[in-house]
Amino acid sequence: MTVGENIRRLRRAKGISMYRLAKEAGLTEPVIRGLESGKKRYQRAETLAKVARELDCKIDDLMQ
């Protein structure tokens, strides 16, 4: 699975919207949408750390 697919899977498993994930992570919805769609393939570790923190997982879980 790609990073985007993992983010989408984990986000949906928690039952939260892209908007809510973005807001709680201090990001914008277009950033989350871009990550999930694969359009933003090379994100900073800081961005992935924020997403991972809000999804209650490790960055490695997103990368697998």
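In segment 19-64, what percent of the accessible surface is made up of carbon and sulfur (1.4 Å probe, ligands and nucleic acids excluded)? Working shown, then result.
Working: 1520 of 3150 Å².
Carbon plus sulfur share of accessible area: 48 percent.
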With only helices counted (DSSP H, runs n ≥ 4, each -39500 (n - 2.57)), the per-residue ellipticity at 222 nm for the chain, to the nearest 500, works out to -20000 deg cm²/dmol
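Any chance you could count the Lys pairs in the chain whose alpha carbons are under 16 Å apart, treating pairs 8 or more apart or on different chains as valid? Please list the in-between numbers first.
Numbers: 14/23; 14/50; 14/58; 23/50; 40/50; 50/58.
The result is 6.
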For percent of Cα pairs over 18 Å apart, with candidates (1) 22; (2) 29; (3) 18, the value calculated from the shown model is option (3)
With every protein chain kept in place and a 1.4 Å probe, the chain has an accessible area per residue in Å² of 67 Å²
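Assigning unit charges at the beta carbon (Lys, Arg +1; Asp, Glu -1) and nothing else, what dipole magnitude in debye, to the nearest 20, does the chain show about its Cα centre?
Working: 15 positive and 9 negative charges, 38 e Å.
Once rounded to the nearest 20, the dipole reads 180 debye.
The values are calculated or read from the model by the stated rules, or taken from the named source; none is laboratory data. Please read these numbers as outputs of a predicted model, since none were measured by experiment. Every residue, glycine as well, gets a Cβ built from its backbone with ideal geometry; the counts of neighbours run over all protein chains shown. These area figures cover heavy atoms from the full protein model, side chains too; ligands, DNA and RNA do not enter into them. Shrake-Rupley method; radii C 1.70, N 1.55, O 1.52, S 1.80 Å.
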